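Here is the structure we will look at, set down as structure tokens.
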Amino acid sequence: MKVERFHIGARLSEMAIHHGTVYLAGQIAEDTSQDMEGQTRQVLGAIDKLLTEAGTDKTRILMAQIFVSDMRLFADMNKVWDGWVVSGQTPPRATVEAKLATPKHLVEIVVTAAQK
């Protein structure tokens with residue numbers, strides 16, 4: 001079966017599609033001057049954009065893995081997440097505290113979704 005890769009870089013691809021399943025790389029904020037809510041909005045916007053490019057949307061997310069730099073910011077991330085997910089279509093999710101690639105990044109989200 002063919003594997004399609006998108007936004008291919010030397011280290012990673014932002015997205016791969018195989019057998020109707022969409023795999024996103026961990027998405028991080030571009031503007032790290034933002035607080036947790038601002039960074040979460042950026043990350044979810046990037047996820048929306050990639051899912052649209054793959055011909056799907058957030059209602060088709062099969063699993064989300066969320067990495068936060070500090071669990072004291074968990075509620076701030078959830079405020080944005082709760083406004084973004086579609087009621088009745090909330091995906092399975094795991095959230096863990098992790099040391100991210102740079103100290104300025106507060107959240108990273110990895111998503112797997114089904115194509116339409």
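Here, each number is a calculation from the coordinates, and none is a lab measurement. This one's a predicted model, so the numbers in the text were calculated from it and none came from an experiment. Using ideal geometry, Cβ is built from the backbone for each residue, glycine included, and neighbour counts are taken over all protein chains shown.
Here is how the numbers come out for the structure above:
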| read-out | value |
| --- | --- |
| Evaluation of residue 49 against (1) over 15 Å from the mean Cα position of the chain (by Cα); (2) without any contact (Cβ under 8 Å) to a residue 12 or more places away in the chain (one fails), failing number | (1) |
| Residues of the stretch 1-46 satisfying the condition of being over 13 Å from residue 107 (Cα atoms) and touching a Phe, Trp or Tyr at 6+ places or on another chain (Cβ under 7 Å) | 13, 14, 15, 16 |
| Scan of the stretch 100-116 for residues that are within 25 Å of residue 57 (Cβ to Cβ) and either free of Cβ contacts under 8 Å to residues at least 12 places away in the same chain or out of contact with any strand residue (DSSP E or B) (no Cβ under 8 Å at 6 or more places or on another chain) (or both), ordered by number | 116 |
| Options 68, 110, 86: the member that is surrounded by 13 or more Cβ atoms within 10 Å (Cβ to Cβ), within 26 Å of residue 17 (Cβ to Cβ) and of a type in the set (Val, Ile, Thr) | 110 |
